[in-house]
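Some notes on the structure that comes next.
We did not get these values from a lab; they are worked out from the coordinates using the rules stated. All of these numbers come straight from a predicted model, not from anything done at the bench. A quick note on method: Cβ atoms are made from the backbone with ideal geometry, for glycine too, and the neighbour counts reach across all protein chains shown.
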Amino acid sequence: MEAAIGWLVQTILGTLQIDKLDAWIRQAGLADDIERLRCEVERAEVAVSAVRGRAAANEPLARSLARLKDLLYEADDVVDDLDYCRLQQQVQGAADGDPGRMHEAERVDERSRGGDANILGTSGGKKWSKAWCDFDITEENDGKPVKAKFKHCQKAVKCGSDRGTSIWNNHVKSQGCKNSRATDQPPNSSCTCDATANAAPVVIGDLFSRKRRRDEELAQTTAANINLWHKADCFNRIQEITHQLQDILEDVSGVLKMHGSASITSSNDVCPTTSSLNQQKVYGRDSEMSTIIKMITSDKHEGVSVLPIVGIGGVGKTTLTQLVYNDPTVKEQFERKWLWVSNSFDEVRLTREMLDFISQESHEGINDLAKLQEILKVHMEFQSERFLLILDDVWDTLDDYLWNKLLSPMLSTRVKGNVIIITTRNFSVAQRIGTLEPVNLGALANDDFWLLFKSCAFGDENYEEHQTLGIIGHQIAEKLMGNPLAAGSTGKLLRKQLTVDHWSAILKNECWKSLQLSRGIMSSLKLSYDQLPYHLQQCCSYVSIFPNNHQFLGDELVRIWISQGFVKCNHSGKKLEETGHDYLTDLVNLGFLQQIECKDDSIRFKSEIFIMRLHNRVVREESFQGRQTCYAMCGLMHDFGRMISRNECATIDDLWCNEMLPTVQHLSIVTDSAYCKNQDGSIPRSYKFEENLRNTVTSVRRLRTLVLIGQYDSFFFQSFQDIFKKGT
């Protein structure tokens, strides 16, 4: 929550720092009101810096921060709208005969937007015919349409000219179009729709940042088409938001004073691990165990070898390491020590525990790191046996400097074949400090997982379950995606009552997804999520509005993030696209996204992304042959992404639409369950889906993105034009 507020504050203040916007605000007579708003936004930054994690255990404070975040989103909207109106007036000046101002509108603030924009303009400087609203332009040449897809029949059309009206008339009279629409009557033109009549030409597989796209659209739109500048409305909105910010910040300040300044430790913190196995039998890890034991016992390199074990939370890294640690062969060949690291890296504690182990003496009273390391180095010089050191639960707080500092005393040993095994959720940590090839730990195989699941749910892997319970159990196990921690926590829930009703309720409600479940998989994944910087949290949450295992090309996903403003310039000289790919790499290394090799036309997808406040539509349609690297959010990680982002992101992927929170900003609609092709290839209209969807989205007022995934009939899009007006 605090990270989201901080990001919004920086976004608002960054927009207000645009010189031309500042001058325009002064000219419009809003300088004093904007300055008061700016002061409250800055106060919000100060207030949230004092929270320091206390909202997790303080419900009133959490509610106040949630309201503060909503108000800052409103402030971001109003500041964005002011910048929009500024550019609109510049365009109006060009329409009134001042071409210099039009040129200025086209290039305004481009440097702050992260690079040059590839603007798809109108043909020959002329306005396109409104008939083009009924087409998705799929290919252009010198600003003129070459190929397009007619929305009402989904058939491709070759464009012999840029005159949309003649192409529209010729195509609707064709027999192919009539057959696809199953009628001889011409369709109603989409041009009657306010939302799409002003839409920019469709871009295939390309997106720009939300603000950059807004500027480009305005540079192509005249004041005769839109007139959004209503000073009185803006004045009232600014004053109302400012007053509400003052009130909510007083509430936050009062709660903080009442509870003092001490920070509160997150309730999700895990307990320290030890070398003792917590379960009698471990399933499905024999191969990995044998590989690791062979690697460490046969290693005779000088100094210290480092073997990383990598995997997402709950996959069994610690359990596998405990198996290796307690293996008789390992006991014979190594002196062993187990250390739990955690994300709160304490080099003094770790060094002292290593020293106590090597020297067989206590050094409890020594807190000076340099002295501890000096003593440890002396003991290591006289070390006569190989040692195996386990560093369990290593996070990226262990940077190169800290790692080298921790490791340096142990390098003085003269014994060959010493090994350190680390467990980590972060592949980049494994790559950075590992000297041996990392062991990537994945999900359990189906048969092994079912035995584990039965032992957790029934207390015995050989339990002869009731036939119906077995069917329900298999359905639940399939949803747990081979994760041992999920099997353990869900099994405890099921074991309370071995009845069909109890198990059916757990399956229906998917109780294993609850953050309140003690030692549950979602709590474990949230530990990783909470360590992400907010820009990565945004990127991760946004991907969850797409279906499970929905595959993206890397460039495509990065451009989607850029379009939402999630990717920020870090003043390192990198382009936005390069920074976005860094984000992608980080999320893969941390296990939130999977990297998949696709080949032989194995991926085909179509989605339409609407940037709501811009009335802008982007068709994403990909099909390729040969090998491609794709990215996807899969299984439990996808479930977690949807759960953690439910206040701002939502998905409708069934004929029945569930209630939606009014705070939702990004919505995806998967239409395949509601629209199926007939034998003749036509798609019948689904009145039921349209009605349910309309009733569901009536409460949504801050929609920034609408994503349509799948196929639908020609009436679907037309029937929801009001969403574009009411949801912005």
Per the C-alpha gyration tensor (a ≥ b ≥ c, the square roots of its eigenvalues), the range 446-514 is rounded if a/c is under 1.5, else prolate if a/b beats b/c, else oblate; here it's rounded
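Please compare each pair in Lys155/Lys575; Lys454/Lys526; Lys149/Lys568; Lys69/Lys231; Lys281/Lys479; Lys147/Lys575 to a cut-off of 28 Å on the Cα-Cα distance and tell me which ones are over it. Intermediate results must be reported in sequence, preceding the final value.
On the way: Lys155/Lys575 37 Å; Lys454/Lys526 26 Å; Lys149/Lys568 34 Å; Lys69/Lys231 25 Å; Lys281/Lys479 23 Å; Lys147/Lys575 31 Å.
Over 28 Å Cα-Cα: Lys155/Lys575; Lys149/Lys568; Lys147/Lys575.
Is the range 406-565 best put as rounded, prolate or oblate by its Cα gyration tensor, with a ≥ b ≥ c the root eigenvalues, rounded for a/c under 1.5, and otherwise prolate when a/b is larger than b/c, oblate when not? The partial results should precede the final answer.
Details: a/c = 2.50, a/b = 1.33, b/c = 1.88.
Note, shape of the range 406-565 comes out oblate.
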Hey, if you drop one equal point scatterer on each alpha-carbon of the range 323-362 and run the Debye formula without solvent, what base-10 log of I(q)/I(0) do you get at q = 0.17, 0.20, 0.23, 0.24 Å⁻¹? -0.57, -0.72, -0.83, -0.86
List, in order, the whole-Hz ³J(HN,Hα) value for each residue of the range 236-251 obtained from phi through the Karplus relation with A = 6.51, B = -1.76, C = 1.60 and θ = phi - 60°; use x for Gly and Pro. 5, 5, 4, 5, 5, 5, 4, 5, 5, 5, 4, 5, 5, 5, 5, 4
So what are the radius of gyration and Dmax for the Cα set of the range 286-440, in Å? 14.7, 44
What translational D, rounded to a whole number of µm²/s, comes out for the range 425-476 from Stokes-Einstein when the hydrodynamic radius is the Kirkwood one over Cα pairs, at 37 °C and 0.692 mPa s? 241
Order of His243, His666 - criterion: other Cβ atoms within 10 Å of each residue's Cβ, fewest first: His243, His666
